[in-house]
1. Spot the failing condition for Ser110; the list is (1) outside any loop (DSSP other than H, G, I, E, B); (2) surrounded by 12 or more Cβ atoms within 10 Å (Cβ to Cβ); (3) at pLDDT 95 or above, and only one is missed.
2. Taking His127, is it surrounded by 17 or more Cβ atoms within 10 Å (Cβ to Cβ), part of a helix (DSSP H, G or I) and in the same structural domain as Ser308 (by TED's automatic domain parsing)?
3. Gly62 versus (1) buried (at least 20 other Cβ atoms within 10 Å of the Cβ); (2) of a type outside the set (Lys, Arg); (3) assigned by TED's automatic domain parsing to the domain that holds Thr19: which is the lone unmet condition?
4. I'd like to check something: does the stretch 312-324 contain any residue that is touching an Asp or Glu at 6+ places or on another chain (Cβ under 9 Å), surrounded by 20 or more Cβ atoms within 10 Å (Cβ to Cβ) and more than 17 Å from Val257 (Cα to Cα)?
5. Tell me the strands (runs of 3 or more DSSP E) entirely within the stretch 235-330 that contain at least 2 residues that are at pLDDT 95 or above and among the aliphatic types (A, V, I, L, M).
6. Do you know which residues across the stretch 291-307 are over 22 Å from Pro165 (Cα atoms) and not hydrophobic (A, V, I, L, M, F, W, C)?
7. Restricting attention to the stretch 57-101, which residues are among the polar types (S, T, N, Q), at pLDDT 95 or above and in contact with a Lys or Arg (Cβ under 8 Å, 6 or more places away or on another chain)?
8. Give me the residue from the stretch 63-98 that is of a type in the set (Val, Ile, Thr) and not in a strand (DSSP E or B) and, out of that set, farthest from the chain's Cα centre (by Cα).
Amino acid sequence: MTPAKNQGQKMSPVIALLTEIKEEHGPDFGKVHSFCEELHQEVSELGGSFYVFSLKGFSDEGVEGFYYDDDEDDWKKGSLPFPNVIYNRISSRRTEYSKGFKGFLNKLDSLGISIFNHRFLSKWEIHEFLMKEEHLHPYIPETHLFTEPVLENMLNQHDELYIKPVHGSQGRQIIRLVKDDGLIHASFSPVQPKELSAFTKVKSLARALSNRVEKQQYIIQQGIQLSELNGRRMDFRVLCHKNDQHFWKVTSIVARVSAEHYFVSNIARGGEVMRPAHTLSLIFGKEQARQQLALMKELALETAEAISQHAEGLTAELGIDIGIDIKGNLWLIEANSKPSKNFEERGTKIRPSTKAIIEHCYGLFKS
């Protein structure tokens, strides 16, 4: 692999993806492995260079990583030039908070290397960013950090609550609380609802939840009566990317319909991906579905802009989850700074999100 940018001469960029790599039986890039193959294919066709590396492969002398050898149709390990742009897909929050990672970011800064989506954003951080934008307030469910007094107060105001880990993902460890006829019922994700004994008092509920909520920080979020399709809960994942001019655009939208008897719609929890226009038309009719999709795109773009303005570093990719209640109102459920690559069909074509990432890389390289 040869450098794509010589001293004093701009050519095509060297683009690198940073992630964890297993090497027992050849390189394994985990959940982004096939995505890396797409990135290589598209970057190569544009005349650039692409490789994958881990933190331990980066040093003052250069980078040890993996590049794709088209002749042998396989990933090869090699000593590679410093990249011009790095796309961060590290999957460990602990790694991103480490001293080693902070030193790595400082080194990139001194070398003039751009990195984007440089760390996970927690649910509480994102909530605080969005609350700074008054025009977004009508779309944000009431949300607070978990404490027993807050739990009691919110149960007095709402019949349904969601308790979510601040650093959670893929619908794991979410607790749903529902008030019914003076009792409070609790169920857990990812398992199918197995209700605890019904609680009459908040104190006894808080005691039962203490083992979970004391191990890590949680938020409490107002439950929204979302639209359902044949009794299955539904929301929408809107994928947003910055283009080469650093403006946000919507790359794709999918409807996510929960598995039967589940209260989360995440694909990792058995949810199903459907076409948003068709799904909305079944519930609201074609005309209202068109209007809602247009509003959804607008809300997602405003949300992405707010997050990128307030978050440190460069943010260029966000998965924004939007719900629609039974009256047709939009709600911002949450946003993910490292969205899954499992929403778009792979097929033989390069996916829109892959093209969008590369477009942004080229924009950073030229700027």
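The values are calculated or read from the model by the stated rules, or taken from the named source; none is laboratory data. Because the structure is a prediction, the values reported are computed rather than measured. Note that we place each Cβ from the backbone using ideal geometry, even for glycine, and neighbour counts take in every protein chain shown.
1. (2)
2. Judged against the criteria, His127 is a match.
3. Against the list (1) buried (at least 20 other Cβ atoms within 10 Å of the Cβ); (2) of a type outside the set (Lys, Arg); (3) assigned by TED's automatic domain parsing to the domain that holds Thr19, Gly62 comes up short only on (1).
4. No, because not a single residue in the stretch 312-324 is touching an Asp or Glu at 6+ places or on another chain (Cβ under 9 Å), surrounded by 20 or more Cβ atoms within 10 Å (Cβ to Cβ) and more than 17 Å from Val257 (Cα to Cα).
5. 317-324
6. Correct list: Gln291, Gln292, Lys297, Glu298, Glu302, Glu305.
7. Passing the criteria: Asn84, Asn88.
8. Applying the filter and picking the extreme gives Thr95.
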